[in-house]
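Right, one structure below, let's go through it.
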Amino acid sequence: MAAPLALHLEFGGGAELLFDGVKNHHVTLPGQSDPWDMKQLLAWIRGNMLKERPELFIQGDTVRPGILVLINDADWELMGELEYQLQDQDNVVFISTLHGD
Amino acid sequence: MAAPLALHLEFGGGAELLFDGVKNHHVTLPGQSDPWDMKQLLAWIRGNMLKERPELFIQGDTVRPGILVLINDADWELMGELEYQLQDQDNVVFISTLHGD
Amino acid sequence: PLKSLTTLSNEDIMRFSRQLLLPELGVPGQVSLSNKSVLVVGCGGLGCPLAQYLAAAGIGRLGLLDYDVVELSNLHRQVLHTELTLGQPKALSAAGAISRLNSAIQCVPYHLQLSRENAIQLIQHVLMYDIVADCSDNVPTRYLVNDACVLTGKPLVSASALRMEGQLTVYNYRGGPCYRCLYPSPPPPDTVTNCSDGGVLGVVPGIMGCLQALEVLKIASGQGSSFEKQLLMFDGQEGRFRSIQLRAKQAGCAVCGETPTVTQLQDYERFCGSAATDKCRRLNLL
Amino acid sequence: PLKSLTTLSNEDIMRFSRQLLLPELGVPGQVSLSNKSVLVVGCGGLGCPLAQYLAAAGIGRLGLLDYDVVELSNLHRQVLHTELTLGQPKALSAAGAISRLNSAIQCVPYHLQLSRENAIQLIQHVLMYDIVADCSDNVPTRYLVNDACVLTGKPLVSASALRMEGQLTVYNYRGGPCYRCLYPSPPPPDTVTNCSDGGVLGVVPGIMGCLQALEVLKIASGQGSSFEKQLLMFDGQEGRFRSIQLRAKQAGCAVCGETPTVTQLQDYERFCGSAATDKCRRLNLL
Ligand SMILES: [Zn+2]
Ligand SMILES: [Zn+2]
């Protein structure tokens, strides 16, 4: 049984508008027998934080195209993407790509 | 007898020109009985790193007017200035004030 | 192609004296700038400050591409245009302002809507330039410009701005990723917000366009960029910059990967499900 | 003082529509901008982009102060001036460019060398403005402008640039330090490098001037600044920004402290041992 996990979640580039316009969220994931991974975090966000139109954030079991995920200031592709095992105090950023001039 | 101390020293805003134009220096201060403080670090820089015209960097026992000292990304005034006791892996920045348009 | 200069004129030495003093630039760097050409895709909030500072710094040739005409609602951020050029094509309005600042710059305006039909024309334009700056205002154009740069081997300095935020990356440069490596699939059209929908504080694209100009100048003068595997994010409300380490070039990328499926330009409006303009309003959700 | 507006005209609503969409600004923020006045000290590499974006955003009145005339060596970074305004006072050249961009802005040029003799005049100018932006090119002027702001209670948004580096801080604002709190004594004259001596890449003051404009706009619209107790440092070669936490206002400060000794403007050239211009060359060591 692993201990609860404190995370700093950030949303930017417009993605925060799906979370009441709040960019910074300090959340605690409950303890569970296996370590938390990113796939589970996305399901948890969907179940606990997303109020409406979850398809604007999540499609299938990953984030929708056009949202970049950063784990501790690095592209999540460098960290294992959905399989990354979260550590206590990790910083996870979901940033919507901007297209405007 | 304290262990040797590894520091990251940075010079910017033109102060690097007194150090062969090199902005980043990783240095190790030898172990000594008392902890190293900023006053001693300045004397060590003067004795070991400054090649010429030390008065352009140090005046009396402190830095010359117009150089700002930052310890771990905070103004050294918040950290005790000359009395601050250095810790292993500290980052110390000496930045010359810019005046140009 | 530009004729190749090897020295500076006396007037150049006077004009650029303050930057010739820089050890990072010097006479060789300045000569290199004067032999380089840059295609600016979009003469809006990013393209205006970018073109302004590239011309001021002595880039040899600037291509200025835009499909649009100057409107009053542009002037809060598109600072090369003026009340007197309202209604003119932006590419022409920008070229006029540029030549008042530095008449020695070769300035080539392209008043052009990018589409499937003129894709071959675009590739030929891109081929004539050394560096491309993406200052566009819509998703299809960003994929189109990316693919054109990969197919012609040109570095792409890309910035974007919306509301009070900005992003900057250099694509397809020294082993770094291209835009498709990062974003293999386009965003669903109803998640895309542009400046017409979401608004933008004018000086935010000003900041991002200047940063973009700096990276173009560093590449053009031979210093190299800091952003070929990094994303710079700016939050103007918090006054905060953050640098993010990006993935390497992806072996499976559809255009720059080992077995590319995109070997010529495509229909990007169909690919993205949206038009290559920022005019038509969409669901304003993200 | 500016006459106080409470609504926007239809033309304003068109012109500023893209920034009116921002929840951080909106109509109240835009009305507030149109009722604010900003004194820009120095129409050079920082002052040009700053004034350009403040005018574009709809600041009600801009004071443009400079002692100098436009030279060819300015044009690589001072982008409001043009080949046609060479030899003109910079304050006038800048005012002309500003009114082409937004003719509704009240633009007041001051062609003026700051000195002990016109210190009282300066204080009276400063009193008429809501916010001061220091875009000057020399040390005596930076102390003079700081003291004038403290004595009149105005926020001072200060930036500087040299070579490929820039710095930005907001002084004398919401309990933060003033310039003298940070730098109680002036630097020895032979350690001071200006742009004439050390050079500067033009787009670096472009970036810093835009960032300075953003902080002015945030203060003028009531959002407040991010930099009243912070120093933003930019290294253009590494493409790196860093925010430094600064000391609070100092009880012992000679001008903003509890028992100030500076209660009126002084002779700043004597205090600094150098002239209030960037013309005369000095030892080029730092
Ligand atoms: Zn790719
Ligand atoms: Zn003070």
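The values are calculated or read from the model by the stated rules, or taken from the named source; none is laboratory data. Since the structure is predicted, the reported quantities are computational estimates derived from the model, not experimental observations. Virtual Cβ from ideal backbone geometry, glycine too; neighbours counted across all protein chains shown. Remember, those area values only see protein heavy atoms, side chains included, never the ligands or the DNA or RNA. Shrake-Rupley method; radii C 1.70, N 1.55, O 1.52, S 1.80 Å.
Please express the Cα-Cα pair-distance distribution P(r) of region A:20-68 as a list of whole percents, one per 5 Å bin, running from 0 to the bin with the greatest distance.
Once binned at 5 Å, the Cα pair distances of region A:20-68 give 4, 16, 28, 27, 17, 6, 1.
In debye to the nearest 20, how big a dipole does region D:188-257 give about its Cα centre with +1 on each Lys and Arg Cβ and -1 on each Asp and Glu Cβ? Can you show the working numbers first?
Details: 6 positive and 6 negative charges, 75 e Å.
So the dipole magnitude of region D:188-257 works out to roughly 360 debye.
Which value at 222 nm does the protein assembly as shown reach when only helices count, each DSSP H run of 4 or more adding -39,500 (n - 2.57), with the total divided by all residues and rounded to the nearest 500 deg cm²/dmol?
-8000 deg cm²/dmol, from helical runs alone.
Apply 1/(1 + (r/R0)^6) to the Cβ-Cβ distance of C:Glu24 and A:Lys23, taking R0 = 41 Å, and write down the FRET efficiency to the nearest 0.05.
It comes out at approximately 0.70.
Using Cα centres only, tell me the gap between region D:151-171 and region C:219-284 in whole Å.
34 Å
Please report Rg over Rh for the protein assembly as shown, where both radii come from the alpha carbon positions and Rh follows the Kirkwood definition. Provide the component values of the computation, followed by the final result.
On the way: Rg = 25.9 Å, Rh = 27.0 Å.
Rounded to two decimals, Rg/Rh equals 0.96.
Quick check of the Kirkwood formula: for region C:12-83, what is the inverse mean of 1/r over all pairs of different Cα atoms, in Å?
Every distinct Cα pair counted, the radius reaches 13.5 Å.
Report the D-B buried area as the accessible area lost on both sides summed, probe 1.4 Å, in Å² to the nearest 100.
By this definition, chains D and B bury close to 3100 Å².
Could you list which residues have their amide H under 5 Å from that of B:Asp37, counting only those 5 or more apart in sequence or on another chain, with H placed in the peptide plane?
Distant-sequence amide H within range of B:Asp37: B:Leu86.
How many partner chain Cβ atoms sit within 10 Å of a residue's Cβ in peptide D:9-22, on average, as a whole number? Provide the component values of the computation, followed by the final result.
On the way: counts 0, 0, 1, 1, 1, 4, 7, 6, 6, 16, 12, 3, 9, 8.
The shielding value for this peptide is 5.
In a Debye calculation with equal point scatterers on the alpha-carbon sites of region C:126-165 and no solvent, what is log10 I(q)/I(0) at q = 0.15, 0.35 Å⁻¹?
Per q value, in the given order, log10 I(q)/I(0) is -0.35, -1.25.
Sort D:Ser136, A:Ser33 by accessible area with a 1.4 Å probe, largest first.
Numbers: D:Ser136 5, A:Ser33 90 Å².
My answer, sorted largest first, is A:Ser33, D:Ser136.
Hey, quick one: spin label on C:Phe271, modelled 7 Å out along Cα-Cβ, who in region C:144-183 has an amide N within reach, i.e. under 13 Å?
Inside the label zone: C:144-152, C:178-183.
Pick out, from C:Ala55, C:Phe16, C:Val132, the residue whose Cα sits farthest towards the positive end of the charge dipole of chain C, with +1 on the Cβ of Lys and Arg and -1 on the Cβ of Asp and Glu.
The listed residue farthest towards the positive side: C:Phe16.
Can you list the distances in nanometres, one decimal and ascending, from the B:Glu52 label point to the identical position in each other copy, with the point 7 Å along Cα to Cβ?
7.2
Under 20 Å from the Cα of D:Lys90, which lysines turn up, not counting those fewer than eight places away in the same chain?
Cα-Cα hits under 20 Å: D:Lys279.
Just to be sure I understand the model, the point goes 7 Å from the Cα along the line to the Cβ. What's the resulting A:Asn48 to D:Leu2 distance in nm?
4.7 nm
If the cut-off is 16 Å between C-alpha atoms, which lysines fall inside it for D:Lys154, apart from same-chain ones fewer than 8 positions away?
D:Lys36, D:Lys218, D:Lys229, D:Lys249
Over chain D, what per residue volume does the convex hull of the Cα atoms give, in whole Å³?
That works out to 128 Å³ per residue.
Which one of D:Gly87, D:Gly239, D:Gly257 has the biggest mean-square fluctuation once chain D is modelled by GNM with Cα springs under 10 Å?
Of the options given, D:Gly239 has the highest mean-square fluctuation.
Please report, in cubic angstrom per residue, the volume enclosed by the convex hull of the alpha-carbon atoms of region D:29-164.
For region D:29-164, the hull spanned by Cα atoms encloses 103 Å³ per residue.
Treating only the Cβ of Lys, Arg, Asp and Glu as charged (+1, +1, -1, -1), what charge dipole size does the protein assembly as shown show about its Cα centre? Round to the nearest 20 debye.
1560 debye
State the Cα centre-to-centre distance between region B:46-101 and region C:175-205 in whole Å.
Each part's Cα centre sits 42 Å from the other's.
If I take R0 = 41 Å and measure r between the Cβ atoms of A:Gln89 and C:Arg174 in this structure, what FRET efficiency does the formula 1/(1 + (r/R0)^6) give, to the nearest 0.05?
Computed FRET efficiency for A:Gln89 and C:Arg174 comes out at 0.75.
How far is D:Arg270 from itself in the other copies, in nm, if each label sits 7 Å out from Cα along the Cα-Cβ line, shortest first?
8.1
Sort D:Thr263, C:Thr169, C:Thr152 by heavy-atom solvent-accessible area, probe 1.4 angstrom, most to least.
Numbers: D:Thr263 100, C:Thr169 5, C:Thr152 30 Å².
So, going from the largest accessible area down, we get D:Thr263, C:Thr152, C:Thr169.
Quote the charge dipole size of chain D about the Cα centre in Debye, to the nearest 20; the model charges only the Cβ of Lys and Arg (+1) and of Asp and Glu (-1).
It comes to approximately 420 debye.
Just checking the output field for D:43-56: average partner chain Cβ neighbours within 10 Å of each residue's Cβ?
4
Please state, as a whole number in µm²/s, the translational diffusion coefficient that the Stokes-Einstein equation yields for region D:169-212 at 20 °C and 1.002 mPa s, with Rh defined as the Kirkwood radius across alpha carbon pairs.
Result for D is 165 µm²/s.
Note down the relative contact order for region C:197-280 as a percent, whole number, built from C-alpha pairs under 8 angstrom at least six residues apart.
12 percent
Compute the convex hull volume of the Cα atoms of chain B, divide it by the residue count, and report the result per residue in Å³ as a whole number.
It comes to 101 Å³ per residue, whole-number rounded.
What does the C-alpha gyration tensor say about the overall shape of region D:97-173? Classify as rounded when a/c is under 1.5, otherwise prolate if a/b is larger than b/c, or oblate.
rounded
In a Debye calculation with equal point scatterers on the alpha-carbon sites of region C:55-124 and no solvent, what is log10 I(q)/I(0) at q = 0.11, 0.28 Å⁻¹?
-0.29, -1.17
What is the percent carbon and sulfur in the accessible area of the protein assembly as shown, measuring with a 1.4 Å probe over the protein chains and ignoring ligands?
For the protein assembly as shown, the apolar C and S fraction of the accessible surface comes to 51 percent.
Given a 1.4 Å probe, show me the residues in region D:247-282 buried by at least 20 Å² of accessible surface when comparing the whole protein assembly to the chain alone.
Residues losing area: D:Arg247, D:Gln250.
If I model region D:130-209 as equal point scatterers sitting on the Cα atoms and use the Debye formula, what is log10 I(q)/I(0) at q = 0.18, 0.26, 0.27 Å⁻¹?
-0.77, -1.30, -1.34
Full extension from D:Ser17 to D:Gln264: what is 0.36 nm times the residue separation minus their Cα-Cα distance, to one decimal in nm? If you can, show how the numbers build up before the last one.
Numbers: separation 247, 0.36 × 247 = 88.92 nm, distance 4.39 nm.
So the extension gain works out to 84.5 nm.
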